[in-house]
Every structure is written in structure tokens, then in C-alpha cells.
Amino acid sequence: MPELPEVEVLVRHLSPLLKNKTVRGLDVRRAKVLAPTTVTQLKSAVIGARFSGLARRGKYLVFELQQRSRRGSVFLLGHLGMTGRVYLARRGDPLPKHAAVVIDLGRQTLIFEDTRYFGRLTLDMTPLAKLGPEPLSPKFTPAYLAAKLKRSSQAIKVKLLDQSLVAGIGNIYASEALFRAGISPRLVARGLRPEQVRRLWRAIRQVLREAIRCGSTVPLSFSRRGKRDGLFYFGRAPNTSDYYAERLQVYGREGEACQVCGTRIRRAIQASRSTFYCPRCQRGPASRMRRKCRGKTS
């Protein structure tokens, strides 16, 4: 599932391309992705409106549109789910099989494509009210993190996936941040010492900033011609020397040597998600987790 860095890269890519584009038409092919918004409500809100802004909140895309006949903005909330893609294509290009919503912008179309249809493109903004602070914002401080973790009996890796704690962190960057902080993913959240909380806070911000800078995690392409288009995890950002997937230190590297100590990277299952860690660099309850999870698969 796309996480904060991938969505941030997508926002930075699409924002200037959508600016001042007017919605001329709307083709909803999978009404499920609009829920709880209806097709009629969406058409009434966006047809004739122009895109005035695009921002990110956690893992969400927040499109802002202006209607000529109305005061104030219309906001459209997008979430990519597990397999969603949002991109611009030339008008007249063949539409992909799983195109859920196609927005006519004149010479171009904005396509929301989702193979499994877990994503959303809706006028319902209520999910944003449940989100914690942005991890790269001033509101996310070591003191805030310590206070929230102190109340939790969950394993720290599981707690980091709680979007009400901090918005945008998912499985990849939780594993990476814990490795950089030298913290066992099995350690109970409220058991972290103050210096561990500070290391984790710093590691979270470092990992996310580096991922945004590198521009992607998985080298995929929309072009179907073998060329990468630079759209979030489907390619790489301009002037990026390599793919971020090649820079991940533990995620997806089970059985490979730790880049710090040479110990084999392990994988375990926590809350039905794969956790990757180094049993030497992240000493602690991980040793018990290793015995318990040996032989399991994700």
C-alpha cells in the first residue's frame, strides 16, 4: 500500500499539471470507489469546476476545486487503497481495464485506476478527522510521541501503523524507522525509554524525508512500453540516481545480510503484517519473536 512518501511524490507531480484545469465531464465506471458519495452528487460538485490545489494528508490526496457559480471550495478526497493509481493521460488513449473514474479535462483525462477497488475518490472528508499529526510537521514532537506511546500496550511496530498516532506511516517505513532507531519491533510501546523515543522520532523523520527525496519505492511503469514515467512508486523522481527500493535496509530483505552487522534479516508476522528486522541491531523481545515466528510465511 502506498505510504506517505509515495503519496507526497504523487502530489508534487500532479499538482502543477492539474492547476487551473477545468472538469468538462465525468465517467464513473465503479461507483463503489465514491462511497458514501453518489455519482449524481459527484457530478454536481465537480463538473464545470477547475482544479485550484492538491495537497496530501497522511496517505490521502486532497483535491481542491473552484466552481464559478459558487463561493468557496469543493474538496475531493482520494485514497489509493492497495492498488490505486491516479495519473494524467492523453484524451483518446485506450482506458485501462480497471479504470474506476475518468475525469475529462479537455486534451487530457485524469484517471483513477484501481485493480482491487479498495481505494476511494469521494466528497466525504470525515476520515481526515481521525488522523494524528503529520510526522514531518512541528506538531509531531518527541514529547507528543512519548505521551501517546506511554498509554499503549501494543507492540511498537503495530502502534506505529495506527493512523491516529501519526499520519502516513505504513508497513515499510515502520520497519525501516525501527531498524534505524535500533528498537525491537516487538517491544511494548509504553516500555520505550525516553532516549529510545527520541531515536525513534528522529528515525521516522529521516526515513520519510529520504524516501520522498529518492522519489519511489518500487520501479513500475504506466507506459506499457517499458519506459518509466516517474509517477510515485511507479517510477523514480527526476535526477534520482537509483530506486528507493534498493536503499531499504530491512523491508523485504529476509535472509539477506544486515548492512550494518552482517546478521541475516528476519521476518515475523505482527497484526497480520510482515515485519522485517535485524535480530542483532534490534535486540530485545525480538529473540522470542524469532522463535515464535520461525517457519511462518506472510
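Read the figures in this text as sums done on the coordinates, not as results from a lab. Just so it is clear, the structure is predicted and the values come from calculations on it, not from any experiment. Methodologically, a virtual Cβ is constructed for each residue, glycine included, from the backbone with ideal geometry; neighbour enumeration extends over all protein chains shown.
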Check: C-alpha center segment 12-26 vs C-alpha center segment 130-197, spacing in Å is 35 Å
Around Val46, with a cut-off of 13 angstrom between Cβ atoms, what is the net charge of the other residues, counting Lys and Arg +1 and Asp and Glu -1? +3
Estimated dipole of segment 4-130 in Debye, rounded to 20 [Cβ of Lys and Arg +1, of Asp and Glu -1, Cα centre]: 220 debye
Two-site FRET efficiency, Glu256 against Ser52, from Cβ-Cβ distance with R₀ of 35 Å, rounded to 0.05: 0.15
³J(HN,Hα), Karplus 6.51/-1.76/1.60, whole Hz, each residue of segment 94-105, x for Gly, Pro: x, 7, x, 4, 9, 5, 8, 9, 10, 10, 7, 10
Determine the alpha carbon to alpha carbon distance for each of Lys32/Lys59; Lys59/Lys130; Lys43/Lys130; Lys32/Lys157; Lys59/Lys157; Lys32/Lys159 and list only those over 23 Å. Lys43/Lys130; Lys32/Lys157; Lys32/Lys159
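Could you give the length gained on full extension between Leu136 and Arg107, defined as 0.36 nm per residue of separation minus the Cα-Cα distance, in nm?
Numbers: separation 29, 0.36 × 29 = 10.44 nm, distance 3.64 nm.
Gain on extension, Leu136 to Arg107, equals 6.8 nm.
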In the neighbourhood of Leu34 defined by beta carbon distances under 15 Å, the net charge of the other residues (Lys, Arg +1; Asp, Glu -1) is +1
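With N residues in segment 45-200, what two-decimal value do you get for its Cα radius of gyration over 2.2 N^0.38 Å? Could you put the intermediate results ahead of the total?
On the way: Rg = 19.5 Å, N = 156, 2.2 N^0.38 = 15.0 Å.
Rounded to two decimals, the normalised Rg is 1.30.
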Arg30 versus Glu210: modelled label distance in nm, points set 7 Å from Cα along the beta carbon direction: 3.4 nm
Per its Cα gyration tensor (rounded if a/c is under 1.5, else prolate when a/b beats b/c, else oblate), segment 4-130 is best filed as rounded
